[in-house]
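S.K.: What follows is a single structure, and I will ask about it in a moment.
Bear in mind these aren't lab numbers, they're just calculated from the coordinates by the rules spelled out. Given the structure is predicted, the values throughout are model-derived calculations rather than measurements. Note: ideal-geometry Cβ built from the backbone for every residue, glycine included; neighbour counts use all protein chains shown.
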Amino acid sequence: MKRKLLFIITLLLCLYSYGQQSTGLRGNVINSATNKPIPGIQVIIKGQNQSALTDTKGEFYFISVASGEDVLVFSSSEIISKELPVTIQPDVTTSLKDVKLVAIETNTNLALVGISDESLLDDDESSSQEISSMVILSNDQYLSNVRYQLSPLRFKIRGYSNIYEQKYINGVTFNDQNRGVFNYASIGALNDLTRNGDVVNYHGPSTFTFGSIGGTENINMRAGNYAKGTKLTLSYTNRLYYLRGMASYSTGLQDNGWAFTAAVGGRYSDEGNVDGTFYHNFSYAIALEKQWNNGQHSLSFTTFGSPVERAQQSASYQEAYDLTGDNLYNPNWGWQNGKKRNSRIVKAYDPTAIVSHIWKINEKTTLTTGVGSHYARYGNTALNWYNAPDPRPDYYRYMPSYFSDVESVHDYYTELWKSKNTSTGQINWYDMYRANKLAKDQGEGALYIVEERRSDLFETSLNSTINTQISERNKLTAGVGIRTSQSKQFKTVDDLLGANYVLDVDKFAERDFPGNSDIIQNDLNRPDRKAYEGDIFGYDYRLNINSANIWAQNQYTTSLFDFYYGFNLSYTDFQRDGKMKNGRYENNSYGKGTKHSFVDFGVKAGLTYKITGRHLITGNISYATEAPLPNNAYISPRISDDAINNIESGKVFSADLNYIFSMPSLTGRISVFQTNFYDQISRISYYHDTERTFVNHTLSNMSKVNRGFELGVNYKINTNWNIDLAGTVAEYYYSNNPDGSISYENGKEKNIEEKVYLKNYYVGATPQTAGTLGINYFYDYWFLSANLNGFARNYIEIAPLRRLASNYSGINPSDEAAMEAYNILVDQERFGSGYTLDLSIGKVLYLSNNRAINLNFSFNNITNRRNIKTGGYEQGRLDITAPRKFASKYYYMQGINCFLNASYRF
């Protein structure tokens with residue numbers, strides 16, 4: 001009996017000892033041309049559900065892996081993917097040294113280069129080995145092509161608004177809480193520091209967030225993420241700016257655990273490709289990181305900013321484009337003292353600081369915590385006028401068509417426009433200065449001014465995420481987030497144009513309430529105030545926004561199936577705090593208003609069926625409620641606390657089904673998708689010509705459907721040539737008739753409620769059918785790519801005011817002229833289809849001492865097509881007796897566009 005007991009104890013101890021032994025894999029990757037380490041390469045064990053990234057030394061490692069024969073896949077946007085067979089020894093750490101990869105050191109988007117990945121899987125389709133879906137899900141042929149090639153067409157993937165594209169930096173969220181979008185200008189000209197990160201397509205599983213239907217990206221700007229060296233870049237283009245310069249330096253991760261990285265950049269033009277525009281930008285970034293305890297802890301600090309001042313182009317009427325013979329006609333500028341002066345200038349600066357800590361608790365668990373804070377200063381100047389003619393050159397009353405009943409006047413204005421008389425077709429600054437001088441001589445305030453509309457934001461966010469490998473097949477990710485924001489909305493007097501002051505009253509209210517000294521006041525606390533340059537006037541309020549969320553996600557893998565599921569729970573509140581007591585809303589404009597709070601949730605799940613090593617079928621489904629954006633929740637936020645009645649969270653249901661294939665010569669994805677939006681809200685603001693005031697038109701209980709088909713494939717002809725094809729056929733439309741509420745800012749009418757008939761109208765501002773066909777060549781670090789891009793079914797953005805039944809209640813159906821006017825006003829314009837042709841070429845020259853020169857030349861729209869409408873919108877006003885009186889406004893694509901880029905790395 002004692003011998004049996006001793007045998008059992010010995011056996012258990014052996015089993016325990018065996019279970020405690022670790023089977024691992026580690027190695028390093030280097031550039032085949034320079035023998036330098038390559039950081040940020042994704043390394044995937046093909047037969048197991050594990051992946052890792054190489055560090056700044058090019059090293060990677062896996063813990064607790066299965067022993068035996070397997071294949072490693074090396075993948076990144078900066079290399080040509082490679083497969084490497086490997087034998088993993090049991091109970092020890094197998095080491096691989098100097099895995100050589102072919103690097104693609106480009107400075108432009110990879111889609112310009114068009115290099116496809118090598119085949120990632122074995123030829124044996126009947127193989128019964130376990131397949132890691134990461135291998136072929138990590139390289140999406142559709143997204144990698146359309147994101148760049150179709151961007152000049154303002155193409156939106158799946159028609160989603162950019163509020164559904166979430167951006168993180170070092171694990172901290174940076175979509176602002178008021179408008180819901182990420183400020184790309186904050187990282188302008190910092191390309192070298194923002195190229196690395198984790199990208200999650202659509203609503204797939206993530207290691208840093210619950211996610212969003214439009215996809216998520218976590219930009220890694222920690223100093224230890226960058227390889228040692230210096231890089232200088234100089235670029236020329238004919239866009240809004242024509243010159244770009246960048247310089248970056250990094251120490252790499254040193255032996256003492258410290259790393260330092262810095263970058264500066266800038267973009268400049270005294271006049272861009274569009275008349276009257278300019279671009280002045282300087283950017284900087286500093287990153288510092290310390291790692292200790294053999295990398296168990298990492299503490300990093302990153303700060304960056306990109307102040308910019310740029311002049312804008314505005315949409316205009318087709319009539320103005322035809323008269324000037326220029327589809328890039330810009331009504332925003334005019335001559336002053338021999339120089340072009342633009343009235344619409346953006347001044348923005350978003351200084352940001354992030355502190356991030358990574359704690360590798362053990363071999364299988366990592367906790368990442370970060371705090372980020374930024375102050376976004378955003379100002380947009382515009383003309384304002386008081387009891388004076390409209391100074392905008394393309395105001396409809398100044399167009400020849402307005403005088404169509406008087407032939408001689410019509411012809412006179414037509415000749416003025418065609419002659420490109422700048423006193424007619426551009427802003428007349430001299431006339432405004434002269435009018436102000438006359439008013440000043442009579443002791444009166446300004447008739448014309450330039451105002452700056454400010455939308456500043458101070459925001460702090462904390463995110464903490466834990467990733468743990470529960471078992472070889474089971475991974476758990478969870479996180480929490482806390483955010484607080486204050487949005488400051490106000491406007492200032494930017495330039496009095498020679499006047500002494502401007503009177504802070506509402507010019508529109510004065511017309512409708514003559515003699516009422518209180519109702520015209522913008523601030524009853526300071527009536528009849530004289531505002532001087534730099535003073536706040538007109539409106540001034542804050543939006544205080546707070547939110548918190550908790551989420552979790554579980555991923556599980558088997559030999560034939562992978563699946564994931566996750567949930568999210570969030571709380572949001574916001575409150576308006578008025579700093580002015582408005583005369584039209586004296587009881588609910590000043591001080592803190594009603595606090596609006598929302599509790600929301602989200603759930604998602606996905607399943608992958610591995611038919612063979614080369615063929616996968618995946619499905620994803622999600623449902624979430626979302627608090628309304630404060631920017632949309634209020635009816636007239638500039639002057640009152642009134643919010644949409646019975647405001648509630650929106651709902652989003654989304655599902656897709658995908659067939660993904662990866663064969664030796666052919667890889668790609670075919671997908672169908674549908675997303676339903678319910679209980680959405682929006683606000684449209686416009687000037688009402690008849691009522692002579694600004695109008696806010698809010699829509700609530702609005703539903704939309706986005707559905708379609710996606711295809712992305714790459715065909716590898718041989719080692720040098722390959723072909724890309726990517727495209728979508730979709731439809732995005734309103735699926736119900738939402739509720740509407742109209743309020744006049746002059747106080748004449750408030751909360752006029754009427755249903756808006758939008759059902760079955762299309763959502764505008766993006767092509768609903770689009771695609772690109774590209775052919776790519778690679779040899780000896782020469783890169784050549786040519787793409788043919790096509791698009792169709794792009795619709796104008798519709799004005800809700802034109803879809804109100806009350807506007808047409810007096811129409812007699814037997815009146816042909818009235819019915820023709822009705823059809824003109826309610827029909828939705830569809831833009832014409834078209835195509836563009838792009839070409840790019842690049843070369844990397846590797847020199848001695850680990851130096852390299854990179855040259856890239858890209859040319860978009862090389863056929864110089866200038867008649868392509870990229871967007872447009874209906875005006876928010878109408879005249880039933882003259883349906884074409886208030887014509888739509890459009891944006892056009894510029895002609896041939898070039899981007900020439902050279903960099904030197906040492």
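S.K.: Distance from a point 7 Å along Cα→Cβ of V102 to each backbone N in the stretch 892-906: keep the residues under 11 Å and list them by number.
M.R.: Within reach of a label on V102: no residues.
S.K.: Also, I was wondering about something else. At 7 Å along Cα-to-Cβ for each site, give me the label-to-label distance between D518 and L476 in nm.
M.R.: The modelled label-to-label distance comes out at 6.3 nm.
S.K.: Could you tell me what a quarter of the Cα convex hull surface of the stretch 158-298 works out to, in nm² with one decimal place?
M.R.: 10.6
S.K.: Between N337 and L788, what FRET efficiency follows from the Cβ-Cβ distance if R0 is 45 Å, with the result rounded to 0.05?
M.R.: 0.45
S.K.: Let me have the relative contact order for the stretch 770-906, percent, based on Cα pairs under 8 Å that are six or more residues apart.
M.R.: That works out to 26 percent.
S.K.: Give the long-range amide H neighbours of N746: residues separated by 5 or more places, or on another chain, with amide H under 5 Å away, using H modelled in the peptide plane at 1.01 Å from N.
M.R.: Close amide H contacts, sequence-distant or interchain: F694.
S.K.: Counting pairwise Cα distances across the stretch 178-227, what percent come out greater than 17 angstrom?
M.R.: When every Cα pair of the stretch 178-227 is considered, 46 percent fall beyond 17 Å.
S.K.: Can I ask one more? Order these by the 10 Å Cβ neighbour count, fewest first: H596, H203.
M.R.: H596, H203
S.K.: Label points 7 Å out from Cα along the Cβ direction at D780 and L232: separation in nm?
M.R.: 2.7
S.K.: Sort F574, F899 by Cβ crowding within 10 Å, fewest neighbours at the top.
M.R.: In order of increasing Cβ crowding within 10 Å: F899, F574.
S.K.: Something else now. What FRET efficiency, computed as 1/(1 + (r/R0)^6) with R0 = 30 Å and r the Cβ-Cβ distance, is obtained for Y565 and Y184, rounded to the nearest 0.05?
M.R.: Taking R0 as 30 Å, the efficiency between Y565 and Y184 is 0.40.
S.K.: Would you mind counting up the charge near I621? Only other residues with Cβ under 9 Å from its Cβ, with Lys and Arg at +1 and Asp and Glu at -1.
M.R.: Combined, the nearby Lys, Arg, Asp and Glu give 0.
S.K.: How much length is gained if the chain between L657 and A902 is pulled fully straight, taking 0.36 nm per residue apart and subtracting their Cα-Cα distance, in nm to one decimal?
M.R.: 84.0 nm
S.K.: For the stretch 377-382, take each phi angle, set θ = phi - 60°, evaluate the Karplus expression 6.51 cos²θ - 1.76 cosθ + 1.60, and give the result in whole Hz per residue in order, putting x for glycine and proline.
M.R.: Coupling constants for the stretch 377-382: 9, 9, x, 9, 7, 7 Hz.
S.K.: With θ taken as phi - 60° and the coefficients 6.51, -1.76 and 1.60, list the Karplus ³J(HN,Hα) couplings across the stretch 165-180 in order, rounded to whole Hz; mark glycine and proline as x.
M.R.: 9, 8, 10, 10, 10, 6, x, 10, 6, 9, 6, 6, 7, 7, 9, x
S.K.: Sticking with this structure for a sec: Given a Förster distance of 45 Å, report the FRET efficiency between N421 and N256 from their Cβ-Cβ distance, rounded to the nearest 0.05.
M.R.: E between N421 and N256, to the nearest 0.05, is 0.05.
S.K.: Under a no-solvent Debye model with one identical scatterer per Cα of the stretch 770-906, what's log10 I(q)/I(0) at q = 0.19, 0.21 Å⁻¹?
M.R.: The Cα Debye sum returns log10 ratios of -1.06, -1.17.
S.K.: Follow-up. Round to a whole angstrom and tell me the spacing of the C-alpha centers of the stretch 829-871 and the stretch 166-236.
M.R.: After rounding, the separation between the Cα centres reads 23 Å.
S.K.: Multiply the residue separation of E820 and N525 by 0.36 nm, subtract the distance between their alpha-carbon atoms, and state the gained length in nm to one decimal.
M.R.: In short, 101.1 nm is gained.
S.K.: Which of the chymotrypsin sites (Phe, Trp or Tyr not before Pro) across the stretch 328-399 are loop residues per DSSP, with 13 or fewer other Cβ within 10 Å?
M.R.: The qualifying sites are Y395.
S.K.: Report the relative contact order of the chain, percent, no decimals, based on alpha-carbon pairs under 8 angstrom and at least 6 residues apart.
M.R.: 10
S.K.: Once each part is reduced to its C-alpha centroid, what is the distance from the stretch 423-457 to the stretch 676-733 in angstrom?
M.R.: With the stretch 423-457 and the stretch 676-733 each reduced to a Cα centre, they are spaced 38 Å.
S.K.: Here's something else I'd like to know. Students often forget the sequence filter, so: which lysines lie under 22 Å Cα-Cα from K507 once same-chain residues fewer than 8 apart are removed?
M.R.: Filter leaves K437, K440, K491, K530, K579, K581, K748, K750.
S.K.: Taking amide H positions as placed 1.01 Å from N in the peptide plane, with prolines and chain starts having none, which residues 5 or more places from L243, or on another chain, fall under 5 Å of its amide H?
M.R.: T237, Y268
S.K.: Can you return the lysines within cross-link range of K156? Criterion is Cα-Cα under 22 Å, with same-chain partners fewer than 8 residues away left out.
M.R.: Within the straight-line cut-off, K156 pairs with K167, K651, K704, K759, K869, K889.
S.K.: If the chain between K290 and R830 were fully stretched, how many nm would it gain, using 0.36 nm times the residue separation less the Cα-Cα distance?
M.R.: 188.8 nm
S.K.: Give a quick list of trypsin sites (Lys or Arg not before Pro) in the stretch 688-753 that DSSP marks as loop, anything other than H, G, I, E or B, with at most 16 other Cβ atoms within 10 Å.
M.R.: R692, K750
S.K.: Next question. How many nm separate the modelled label positions at A66 and T468, each set 7 Å beyond the Cα in the direction of the Cβ?
M.R.: 2.4
S.K.: Shifting gears a bit: Which whole-Hz ³J(HN,Hα) couplings does the stretch 251-264 yield from phi under the Karplus relation 6.51 cos²θ - 1.76 cosθ + 1.60, θ = phi - 60°, glycine and proline marked x?
M.R.: So the Karplus estimates, Gly and Pro as x, are 7, x, 6, 7, 4, 7, x, 8, 9, 9, 9, 9, 8, 9 Hz.
S.K.: A further question follows. With just the Cα atoms defining each centre, how far is the stretch 529-604 from the stretch 784-808? Give it in Å.
M.R.: Here the two parts' Cα centres lie 30 Å apart.
S.K.: Let me ask something additional. Divide by every residue of the chain the summed helix terms, -39500 (n - 2.57) for each DSSP H run of at least 4, and state the resulting mean residue ellipticity at 222 nm, rounded to the nearest 500 deg cm²/dmol.
M.R.: -3000 deg cm²/dmol
S.K.: Let me ask you something else. Tell me the label only: which of (1) 62; (2) 47; (3) 57 is percent of Cα pairs over 39 Å apart as calculated from this structure?
M.R.: So the calculated entry is the one marked (2).
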